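Notes to accompany the following structure.
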Amino acid sequence: MLSNQKATRINLLDFKSVPMRAFHNAWFAFFLCFFGWFGIAPLMPVIREELQLSQAQIANSIIASVAITVIARLLIGYLCDKYGPRITYTFLLIGGSLPVMCIGLADSYETFLLFRLSIGIIGASFVITQFHTSVMFAPNIVGTANATSAGWGNLGGGVTQMVMPLIFSVLIGFGLAESQAWRVAMIFPGAALLLMGILYYRYTLDTPAGNFSDLKKEDLSLARKPAGNFFDAVKDRRVWILFVLYGACFGVELTINNVAAIYFMDSFSLDLKTAGIIAGLFGSMNIFARSLGGIFGDRYGVRYGLKGRVYFLGLVLLLEGIMLLLFSRMNLFAPAVCIYIVFSLFVNMSAGATYSVVPFVNKKALGAISGIVGAGGNLGAVAAGFLFKSYPYGQALFYLGLIVTAVSVLTLLIKFSVTDEAEAKKDLDALYIEPGVKRTDKTLQTA
């Protein structure tokens with residue numbers, strides 16, 4: 001541990017220290033949010049038949065599910081700076097559980113669209129997760145902590161593709177009709193979110209030093225002037241570049257989570273269960289792929305400074321775009337699945353690499369920047385949704401690949417000043433005198 005109590009390493013078996021307890025609660029809360037957010041996606045073939053939804057209406061529901069999150073993430077970043085992640089997450093989890101459980105009441109395209117819009121609010125949970133781990137971990141490991149917590153949370157998007165069809169099938173086995181089974185199935189993720197909200201309030205603190213309510217009494221800078229911090233973030237060009245870049249990776253991830261099951265069913269004549277399993281492979285890569293983005297981002301940061309983190313981000317974004325272009329051209333099932341998996345690797349690594357850069361842009365506006373950049377992911381998904389509304393899925397994937405490849409060049413415009421680099425180096429140097437932390441000639445390690 002550092003003198004300011006931030007963790008210098010990730011000990012996954014530690015459930016007692018404040019940073020690791022926050023880490024475990026944050027990733028699992030985000031996992032459940034993702035599970036509830038996309039729980040309806042693998043059931044869409046059934047819902048499409050019952051509610052007689054057209055491709056355009058399905059695309060509208062996809063857009064709705066991610067569009068509201070753009071606004072929610074901007075607001076959540078401000079609330080994190082003002083009230084702290086503990087209170088903010090608690091209210092989001094409990095409030096978000098309600099539309100997840102109630103979507104089964106939808107009986108028309110309009111009501112279904114409204115519920116999907118409401119459920120999209122829980123996508124703002126990502127901002128809280130990234131904020132919480134950013135304030136809990138030291139510079140040598142913060143990128144890895146951010147990427148791992150987000151990756152394991154995003155894993156919910158893959159697990160739900162596999163689990164929700166199974167829950168649906170079990171309910172069918174108990175005698176429910178298909179029109180009832182999908183509705184009852186959505187109660188399960190909603191109830192889990194409600195319980196997690198209570199646990200988050202009970203078992204986490206806002207920072208290693210305590211809760212924001214206590215820090216405000218001591219007038220510590222972390223708890224002051226969130227509005228000013230937000231406007232500082234808005235004025236920083238680097239924030240908006242990261243906003244676009246995150247749209248090109250996490251926005252793509254959200255889109256694939258929404259369309260993968262239907263795409264594989266329609267393109268390769270698969271049944272619902274098989275399509276769900278294949279689609280779920282994408283999200284399942286989060287168990288390690290996003291962490292890799294953070295790990296390599298941290299290592300490049302130690303070796304080459306802040307610019308190293310940025311250059312690595314540009315590289316994996318470029319590879320993501322190339323793999324997406326290849327996937328969109330696949331007509332044979334086996335090669336398509338192979339490219340799909342490699343593509344998902346670089347999508348997740350790009351998202352992890354993005355948030356290995358975010359904590360170093362402006363530490364005083366961490367919540368605001370996390371919210372703005374996170375909102376970029378959802379705006380990217382909204383834009384991609386219009387592609388899938390206007391073009392056949394294969395063609396939309398190809399155009400999306402072209403966009404990602406072009407956007408990767410924007411990383412060259414992210415610059416850190418000499419002062420920024422010096423401050424980052426100073427923070428790293430401060431770790432070397434701490435117990436359990438050592439450095440080789442090229443990298444920082446934890447004992």
Point to revise | Selected residue (only one of Gly301, Gly251 is within 18 Å of Val404 (Cβ to Cβ) and not hydroxyl-bearing (Ser, Thr, Tyr)) | key: Gly251
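Are any of the residues in region 416-433 β-branched (Val, Ile, Thr), buried (at least 18 other Cβ atoms within 10 Å of the Cβ), at pLDDT 85 or above and assigned to a helix (DSSP H, G or I)?
Step one: filter region 416-433 for residues β-branched (Val, Ile, Thr), giving 418-419, 433.
Now drop any that are not buried (at least 18 other Cβ atoms within 10 Å of the Cβ), which leaves none.
No, because not a single residue in region 416-433 is β-branched (Val, Ile, Thr), buried (at least 18 other Cβ atoms within 10 Å of the Cβ), at pLDDT 85 or above and assigned to a helix (DSSP H, G or I).
Can you find even one residue in region 8-17 that is touching a strand residue (DSSP E or B) at 6+ places or on another chain (Cβ under 6 Å), surrounded by fewer than 24 Cβ atoms within 10 Å (Cβ to Cβ) and β-branched (Val, Ile, Thr)? Full working, then the answer.
Going through region 8-17, the residues touching a strand residue (DSSP E or B) at 6+ places or on another chain (Cβ under 6 Å) turn out to be 8-9.
If we keep only those that are surrounded by fewer than 24 Cβ atoms within 10 Å (Cβ to Cβ) too, we end up with 8-9.
Still in the list and also β-branched (Val, Ile, Thr): 8.
Yes, that holds for at least one residue.
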Practice item. Identify the single condition in (1) aliphatic (A, V, I, L, M); (2) surrounded by 15 or more Cβ atoms within 10 Å (Cβ to Cβ); (3) at pLDDT 90 or above; (4) within 23 Å of the chain's Cα centre (by Cα) that Ile198 does not satisfy, given that it satisfies every other one. Key: (2)
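Can you tell me which residue among Gly352, Gly385 is at pLDDT below 90, assigned to a helix (DSSP H, G or I) and under 25 Å from Phe126 (Cβ atoms)?
Working: Gly352 fails: at pLDDT below 90.
Just one listed residue meets the conditions, Gly385.
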Exercise for review: Return yes when Val159 is part of a helix (DSSP H, G or I), of a type in the set (Val, Ile, Thr) and surrounded by fewer than 24 Cβ atoms within 10 Å (Cβ to Cβ) and no when it is not.
Suggested key: yes
Revision key, fill the gap. With the first residue restricted to region 189-218 and required to be in contact (Cβ under 8 Å) with a residue 24 or more places away in the chain, and the second required to be outside any helix (DSSP H, G or I) and basic (Lys, Arg), Cβ contacts under 8 Å at 6 or more apart or on different chains are Pro208/Lys6
Check your understanding: When Ala22 is evaluated against the numbered criteria (1) crowded, with 21+ Cβ neighbours inside 10 Å; (2) outside any helix (DSSP H, G or I), which criterion, by number, is the only one it fails?
Key -> (2)
Practice item. Taking the options Leu270, Leu254, Leu215, name whichever one is part of a loop (DSSP other than H, G, I, E, B), at pLDDT below 90 and crowded, with 16+ Cβ neighbours inside 10 Å. Key: Leu270
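Among the helices (runs of 4 or more DSSP H) confined wholly to region 43-117, which include 3 or more residues that are β-branched (Val, Ile, Thr), modelled with pLDDT of 90 or more and in contact with a Gly (Cβ under 7 Å, 6 or more places away or on another chain)?
Counting at least 3 such residues, we get 85-102.
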Review point. So Ile58 fits all but one of (1) surrounded by 21 or more Cβ atoms within 10 Å (Cβ to Cβ); (2) closer than 22 Å to Leu195 by Cα; what number is the exception?
Key: (2)
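The values are calculated or read from the model by the stated rules, or taken from the named source; none is laboratory data. What you see is a predicted model; the values in this text were computed from it and never measured. Backbone-built Cβ (ideal geometry, glycine too); neighbour counts: all protein chains shown.
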